[in-house]
1. Could you pull out every one of the aspartates and glutamates with an alpha carbon less than 12 Å from that of A:Lys243, ignoring same-chain neighbours closer than 8 positions?
2. Need the C-alpha centroid separation for the range B:187-244 versus the range A:304-372, integer Å.
3. Grab the eigenvalues of the alpha-carbon gyration tensor for the range A:274-362, scale each by 5, take roots, and send me the semi-axes largest first in whole angstrom.
4. Quick one: helix B:191-202 against the long Cα principal axis of chain B, what's the angle to the nearest 10°, folded into 0 to 90?
5. Over the Cα atoms of chain B, what Rg and Dmax result, in angstrom?
6. What do you get for Rg/Rh over the range A:198-351 if you use C-alpha atoms and the Kirkwood form of Rh?
7. Counting partner chain Cβ atoms within 10 Å of every residue's Cβ in B:168-178, what's the average?
8. Going by the alpha-carbon gyration tensor, a ≥ b ≥ c the square roots of its eigenvalues, is the range B:99-205 rounded (a/c under 1.5) or, if a/c is not under 1.5, prolate (a/b greater than b/c) versus oblate?
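Each reported figure results from applying straightforward, stated rules to the coordinates on display, with no laboratory input. Every value quoted in this text rests on a predicted model; they were computed, and no experiment measured them. Because the Cβ atoms are built from the backbone with ideal geometry, glycine has one as well, and the counts that use them run over all protein chains shown.
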Amino acid sequence: MRRLALGILLLLTHLCEAQFGSAVAFPNSSKKTVLDKSPEFFVLNWKQGTILNRSETPMEIIVDSVGAQKVNIFRDNSDAPVLYSSNIITPVCADGDCRLMHITLYWTLLGDYAGFDRSSEEPLTKHDHDEFLFSDYWKLHELLKDHNSILKRRAIDELVTKPKPSTIEGVDALSGATIKEVKESVVSGALYSCYVAWHLVHGDIKDQIKAFTVAQQTEQMWIRMLNSEHTNYQMYALENLTKNQYDTNFSRISTLFKSGIPLVRSYIIKNLADSFSKEPNKMQPFWDALPYIDINTRSLLLQHIDTASEATVTSISGQLSVLTKNQIRDFLSHLENETKISSEILKNLRAFADSSKEKNSYLVVQFLEDNS
Amino acid sequence: MKKLLIVTLLLFSSISLFAQDVLVEAESFDNPGGWLVDPQFVEQMGSPYLNAHGMGKPVKNASTKVNFNKSGSYHIWVRTMNWVPGEWEAPGKFQLKVNEAVLDTVLGTRSGWGWQYAGETKINKKNETHIELVDLTGFNGRCDAVYFSTNKTTPPSSPKKLAAWRQELAAEPNAPEELKTYDLVVVGGGLAGCAAAIAGAEQGLKVALIHDRPVLGGNASEEIRVHTEGIYGNFERILKKIDTKHYPNGSAESKLDQQKRDENVKSYDNIDLFLNWRAYDAISEENSVKYVDARQTFTGERKRFTATYFVDSTGDGWIGFWAGAEFSYGRESVDTYGEYWEEHGELWSPKEADNAVMGSSVLWGSKDTDSPQSFPEVPWAMPVSKDYAEVNGEWQWEFSRNDLSQIDDAEEIRDHMLRAIYGSFSNAKKDEVNKNRKLEWVSYLVGKRESRRLVGDHIFTFNDAKEGRKFPDGVVIEKRAVDVHYQTVLEDEKNPDFISEALFYRGPQYYIPYRSLYSKNISNLFMAGRNFSCSHAGLGGPRVMLTTGQMGAAVGYAASLCKKYEVMPREIYTGYLQEYLDLIEEQKYEKIPTSKK
Ligand SMILES: Cc1cc2nc3c(=O)[nH]c(=O)nc-3n(C[C@H](O)[C@H](O)[C@H](O)COP(=O)(O)OP(=O)(O)OC[C@H]3O[C@@H](n4cnc5c(N)ncnc54)[C@H](O)[C@@H]3O)c2cc1C
């Protein structure tokens, strides 16, 4: 699919090559060799006072009819790599109407989309040469963030339908009506620009960038990633840290367990499965997070109930409202296997069973009936 | 027929000495009115039930007549549940009318399936007693049974005790009395089951096709409305008899293909079609299935089916499960079969195995009309839909969560989707542009993608698809990209939990070996459909309906060779493979009748 898309891109560019002169010099921001503030559209956090210096890499993106566009790396003052970037000039053609698109793209260390800067002198335009509004740039940013966009799986000509005029609202005269899912994700009237930009960002360069980073990765880099707010960084660090490094960074990991996205949380808990039986006390922060985490992770956590301390079990018995039906069932069957149920737990169970507002109270009623 | 269901008994037990009891199963009411018979969750809640699926408009009364043997004052219980208990009025409320009187108690208001006391009434045995269910909301009130007793003892609620109680009341023997014998019994009439039945029948097998719905096709039926995808592979001729056109999912056009499919399957003299029959048990001896027991979903009548070979195409692998076949559920760890795909990491294949599976969907749609249309407030739906607003559903409306089994918790999953739908539609209605929109259709059947997968001699994996691995017995062929779904809420907790996303892997043409289509440890059991032998990621490609249809056809032909040589499915691979492949090749073309040669 990717090859097909590239083919069409090349075809389009080839068709309109004749209309361009030589590549125009890129204006101001793109010339920057030092970044002292965040790119305008950016997915990572930018710490105040950060200064990044640009250096070259051997990587480039070939844009037919315009030539090679260099991919640069930005490093901080300790020389650690932070960001990749490229100043792109590329033709965008739709139905024989071609223009040059100027944009500075940024990638994370793992080759994911990091953001872009627009060009103040050469703004992006829509089909009838209207300039992009700020909201259009924002939408483009949202689109580029979606690494799994529908644009990935479709060739450009599959993204427009030639509609029966009466049935589809808002027919885009130039390109036909964009199909619904696409319509929602691209800038109206700028499907081709969006398509080209998305494929530049998520094209082969992605893997090259990641490989470039991997070749120079260090423990410090992983730790920085672990401490970042960026999910893919967190995940990458978690995947790479050794058992020892998990231990030394335990505090950050237990914080992430509460604040991360569900995918990160579940990864952590699966990785720490052994620690629950070996070091029950150390795992207390995980149990403390029980009411705050998503349901899937909570189920994974509850799989370790057999190794939890008495205090933890008692505490959970007082939080049954946050558990789902099956989680309550699992918890009760854990209690059933215990030789003795403490009076405090019984008190909590009774309170839950008596509550008229709890939809799952009937489970506890049945349990108390069977076990009294 | 009625007498099987409305059971009148004198129980000579110490507690209820000379008590008079009458149990009326709701699904066998004379006239269900606007209520629908819902048999999807019998394994979990015990019985088919009546469901007031009015999409917000109260449905017409269901009614029936009952004869009592003894006059007197009777206590009445209704087995029901409040399907969304919480700090609002129950969504599915109804009342019971006995003869001319509507009982005061509002039913459908207790948490969890169980008996709700409805009141007391006088019954005169000389007159037929008339019972009606009066729906109050149109939002899926449910009634499983109505129980009358002169004794005020609540019937049991716990599933086990209830089943025994029901059986005692009905005085049913353990085994069904009627025995039917076939060469091949196919259970589940989705595309896979239909194709298996046709292929077997064409080769002269005497086939029973047992299906729990009134129409064939499973997810492709007009009741669920998914269009068939995939290629025909070796079985174009057969699959064209049962497939669908490429209308949008949820489109009412599925009705056209429904007719074609049903007529085609019915045209085979040697297929005995048991529509509205649900298998409820499979008994095996020495690792071989001996019988499948099934029950009519309205009348409760039972039959026992015996055969030399069985096909499990129930989607949920029920026959295999009951017969003791090996099965799996959930995602394997990435190392189990090396199904790593860097681009999507954990989302694609996890470091450690877990219970995650692709979810189930309920399709729905609305339409614009010429006049304003009202829609009731649905506070009980809001915790699920939140501020999500939509006027139509599509395949992305999908729900799974690791603590929920797509089999055991299917009712909760369906109900979650109903809340998502009603809530989102209600939100959309608040927008002036949707003033004239009318909720046109909401399925009440849950369309499933993944649950139990029975284990065969070969477990088909993502790598088999990715590498286009060739097998000597590769009888199913597919080109469609592999796609596996995940819930978007896993990446961003602000997303609704009922919307999924697909990860597509575009690879070469791939093949599924015959060895993935029969059970490893139950010698006479084939499987076709999403419950075939595969890993979680392996199911990503072949779960679509033409591919599963190919599996069905492949299995039907294999069964005919099994019969010819009196062997078991495995032996077709070890001893008769070439003949099997030749048979598949030969069937591609319509035979010219000898008279016309
Ligand atoms: C919303 C949605 C969109 C999808 N999109 C597509 C698509 O576009 N194209 C595509 O091809 N596929 C699509 N799929 C996937 C596809 O529909 C399923 O994977 C496929 O239907 C599985 O086929 P099956 O024959 O195994 O099961 P089913 O189609 O579910 O058929 C099994 C049948 O067996 C019956 N049954 C179950 N248990 C019993 C029993 N004990 N006794 C009697 N009968 C029983 C059931 O009622 C059911 O009808 C989609 C699925 C969903 C839910």
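1. A:Asp274
2. Distance between centres, Cα-based: 47 Å.
3. Numbers: eigenvalues 89, 48, 24 Å².
Here the semi-axes work out to 21, 15, 11 Å.
4. 60 degrees
5. Rg and Dmax of chain B, Cα atoms, are 25.0, 77 Å.
6. Numbers: Rg = 19.1 Å, Rh = 17.5 Å.
With Rg and the Kirkwood Rh in hand, the quotient comes to 1.09.
7. Details: counts 0, 0, 0, 0, 0, 0, 0, 0, 0, 0, 0.
Per residue, the number of nearby Cβ atoms from other chains is 0 on average.
8. On the way: a/c = 2.50, a/b = 2.02, b/c = 1.24.
Here the range B:99-205 falls in the prolate category.
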